[in-house]
There are 2 protein chains.
Amino acid sequence: MIERYLLRYFLAVVEHGNFTRAAESCNVTQPTLSVGIARLEESVGQRLFHRSNRRVDLTPTGAQFAEHARRIEAQFNLAEVAMKQRQPEAIIRLGVLATLPTSMVADIAKALGGIDGIRTEFVEGRASELQDRLDAARIDLAITTEPQGRLRDSFEPVASEGYGLALPASHPLAERTSIAAHELADNVMLVRRHCELLTATSQHFTARGVRPFFAARSRSDDRILALVAAGVGVTVMPDCFVVPGVARVPMEDFTHVRTLGVLMREADAVPEAVVARVRGVLAERIGGAWGDGG
Amino acid sequence: MIERYLLRYFLAVVEHGNFTRAAESCNVTQPTLSVGIARLEESVGQRLFHRSNRRVDLTPTGAQFAEHARRIEAQFNLAEVAMKQRQPEAIIRLGVLATLPTSMVADIAKALGGIDGIRTEFVEGRASELQDRLDAARIDLAITTEPQGRLRDSFEPVASEGYGLALPASHPLAERTSIAAHELADNVMLVRRHCELLTATSQHFTARGVRPFFAARSRSDDRILALVAAGVGVTVMPDCFVVPGVARVPMEDFTHVRTLGVLMREADAVPEAVVARVRGVLAERIGGAWGDGG
DNA sequence: TTCGATCATAGACAGCGTCTAGGATAAACC
DNA sequence: GGTTTATCCTAGACGCTGTCTATGATCGAA
């Protein structure tokens, strides 16, 4: 197999007409270049040079090969400069909380898609998992809730929201402004398995003597919402989940709030344009916005 | 520096969309290919693939590089087949006796120049030197006199000739049909230092009481002939030396003869066409031809 | 949770590209 | 004729680096 370094040796000899000087120009010794040419001639199956102790000149075959070699070497250089000219494509690995609505993630993706030379990679998980990934430098930016512990100072809150019931638009309680736990005693419940407040919600109902029937458990919010819209049951979820066919009503005495924001290892780990757009989508989609966005 | 094997690895991954199978197709292990791609990406200064454990796909940079890589690979293959198609150029290393006229060597060169795909290399020397080179496989064919010793059977005689005086065309004896040694007593002699018969010639004159003055000694027959034509002196040389301005006359009682022919290690070491043309020139240029040539 | 598929990493090995040393050849010079 | 100089080749040792085996990490699917 003809390797590139042999081509470089060959062209050096063609240029200098002399093994010794060619070797110098390649920064190798003359014997090295000598065996290199021999190797090339063997793999080509042809003699490329007529050697004498006075001068070295190309055979007709060698002359033909020189054209090929020059062309190939030129192509290599072309490829190298072409690659150098490209500015490296930045890849932003974005961790998003699994309990963010699919449509919101889609909005973020759309917002970031418009930035030139930046490619986004999405990873989803729970808040603690996102923190671990951030620590391990496996993501660059997380859209998550306020962290516990060491990364606390790096968190930049953007918007906060409460939790409420999601129930079919045709449900008798759908038009209410508030619903108490005991009113749901006969309702079928759907469990969002990855919900941050799974235990808190459970405790809320048991503390009020309500033991609803659990018809389905899923890690997919989209599936749960589809079931709600289909009239299968009701569930508890953050306020930002708003889809057609599903009514959202606050629950009495259920005052849990989550604050969403961005979390980074260092302030400038991610281009500001990216962070700004993420902030924008969050503020737009979630009621209680923070900071300058109003 | 981008080496060719890295290009092959890269293209294999592009083709298979998968490091593991690409590695198989390259007959290396997956880690080998992995570090290869990493190395390539480093020397290119750009990420070429987006990797996940599900699939591998090209970055925009990678896609551009793939075009270059394919072009280069194609060029390599082109060069390789171009070289394969060429039939190897045969080099015939021809040893010629130094005491052959320059014009005869030129005639041989011309005769062999017409044979396609064959290149001739001339080496000159004395008969014994040519034999040594033939033994050492440093020449393929020798045009020489009948050898002594082991190579005797390999010799194929072609033509034989005598020796005679070479003297200026304007010399008083130029028109004679034969000249005796004593007639040259007042003449200036020129010595052809590499002549096979140097000692024999010397003895011929001293035996007849003639001690000529030696005006010049040279290894170059051409120079000696020029001096003869210029009227500087006379010399003894094989009959085949015939040039304008120099008369050739036989010497009385000087019956030495040399038989010229071709000498090879093996019968088919050299293409018959080459041997035939050499024979042709020899027979044409020298009087007493041998064999079928008449 | 476990399993299978995938790519990355680490350390050992060995192949081969490279080096130093020395040989051969031939032209040029004294 | 012998010596010097310039050139390329060969032989053997060395060491870089390309390759391997073994293992880890990740992710999706059963």
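The values are calculated or read from the model by the stated rules, or taken from the named source; none is laboratory data. Just so we're clear, the structure is a prediction, and the values are computed from it rather than from any experiment. Please note: Cβ atoms are built from the backbone with ideal geometry, for glycine as well, and neighbour counts cover all protein chains shown. These accessible areas exclude ligands, DNA and RNA; they are computed on the full protein's heavy atoms, side chains included. Shrake-Rupley method; radii C 1.70, N 1.55, O 1.52, S 1.80 Å.
Among the listed residues B:GLU67, B:GLU73, identify the single one that is closer than 30 Å to B:LEU6 by Cβ, at pLDDT 85 or above and buried (at least 16 other Cβ atoms within 10 Å of the Cβ).
B:GLU73
Any idea which of (1) assigned by TED's automatic domain parsing to the domain that holds A:PRO244; (2) surrounded by 18 or more Cβ atoms within 10 Å (Cβ to Cβ); (3) more than 17 Å from A:LEU225 (Cα to Cα) is the one A:LEU151 doesn't satisfy?
(1)
I'd like the full set of residues that are surrounded by 14 or more Cβ atoms within 10 Å (Cβ to Cβ) and under 13 Å from A:PHE254 (Cα atoms), limited to segment A:203-217.
Residues satisfying the conditions are A:HIS204, A:PHE205, A:ARG208.
If I filter segment B:268-280 for residues that are open to solvent by 70 Å² or more (accessible area, probe 1.4 Å), at pLDDT below 90 and out of contact with any His (no Cβ under 7 Å at 6 or more places or on another chain), do I get at least one hit?
Looking for residues that are open to solvent by 70 Å² or more (accessible area, probe 1.4 Å), at pLDDT below 90 and out of contact with any His (no Cβ under 7 Å at 6 or more places or on another chain), one finds at least one in segment B:268-280, hence yes.
Restricting attention to segment A:255-270, does a residue exist that is under 27 Å from A:LEU94 (Cβ atoms), part of a helix (DSSP H, G or I) and among the hydrophobic types (A, V, I, L, M, F, W, C)?
no
Taking the condition within 35 Å of the chain's Cα centre (by Cα) and either surrounded by 15 or more Cβ atoms within 10 Å (Cβ to Cβ) or modelled with pLDDT of 90 or more (or both), does B:MET189 pass?
yes
Consider B:SER220 carefully, then state whether it is small (Gly, Ala, Ser) and surrounded by 16 or more Cβ atoms within 10 Å (Cβ to Cβ).
So B:SER220 fails the test.
Out of the residues in segment B:223-248 that are of a type outside the set (A, V, I, L, M, F, W, C) and open to solvent by less than 20 Å² (accessible area, probe 1.4 Å), which is farthest from B:ALA106 (Cα to Cα)?
This residue is B:GLY233.
Does segment B:159-166 contain at least one residue that is open to solvent by 20 Å² or more (accessible area, probe 1.4 Å) and touching a helix residue (DSSP H, G or I) at 6+ places or on another chain (Cβ under 9 Å)?
Checking segment B:159-166: not a single residue is open to solvent by 20 Å² or more (accessible area, probe 1.4 Å) and touching a helix residue (DSSP H, G or I) at 6+ places or on another chain (Cβ under 9 Å).
What number of residues within segment A:29-59 are within 14 Å of DNA strand C (Cβ to nearest atom) and crowded, with 19+ Cβ neighbours inside 10 Å?
6
Tell me which of these B:ARG21 doesn't satisfy, since it passes every other one: (1) open to solvent by less than 60 Å² (accessible area, probe 1.4 Å); (2) more than 25 Å from A:LYS84 (Cα to Cα); (3) away from DNA strand D (no atom under 11 Å from the Cβ); (4) not aromatic (Phe, Trp, Tyr).
That leaves (1) as the condition not met.
Kindly list, by first and then second residue, each pair from a residue in segment B:202-213 that is over 15 Å from B:VAL188 (Cα atoms) to a residue that is part of a helix (DSSP H, G or I), limited to pairs with Cβ atoms under 9 Å and residues at least 6 apart or on different chains.
From residues that are over 15 Å from B:VAL188 (Cα atoms), the pairs are B:HIS204/B:ALA181; B:ALA207/B:ALA181; B:ARG208/B:ALA181; B:ARG208/B:HIS182; B:GLY209/B:ALA181; B:GLY209/B:HIS182.
Out of all the residues in segment B:171-185, which are over 26 Å from B:THR259 (Cα atoms), open to solvent by 20 Å² or more (accessible area, probe 1.4 Å) and touching a strand residue (DSSP E or B) at 6+ places or on another chain (Cβ under 9 Å)?
Matches in segment B:171-185: B:HIS171, B:LEU173, B:GLU175.
Suppose we keep only residues that are in a loop (DSSP other than H, G, I, E, B) and not aliphatic (A, V, I, L, M) within segment B:116-140. Which one would you say is nearest to the other protein chains (Cβ to nearest Cβ)?
Ranking the candidates gives B:GLY117 first.
Which members of segment B:76-114 meet the condition of being in contact (Cβ under 8 Å) with a residue 24 or more places away in the chain, crowded, with 16+ Cβ neighbours inside 10 Å and among the hydrophobic types (A, V, I, L, M, F, W, C)?
B:PHE76, B:ILE92, B:LEU94, B:VAL96, B:LEU97, B:ALA98, B:LEU100, B:MET104, B:ILE108, B:ALA111, B:LEU112, listed by residue number.
Name the strands (runs of 3 or more DSSP E) wholly inside segment B:1-115 in which the number of residues that are closer than 30 Å to B:GLY125 by Cα and within 11 Å of chain A (Cβ to nearest Cβ) is 2 or more.
Of the strands (runs of 3 or more DSSP E) lying wholly inside segment B:1-115, those with at least 2 residues that are closer than 30 Å to B:GLY125 by Cα and within 11 Å of chain A (Cβ to nearest Cβ) span B:90-97.
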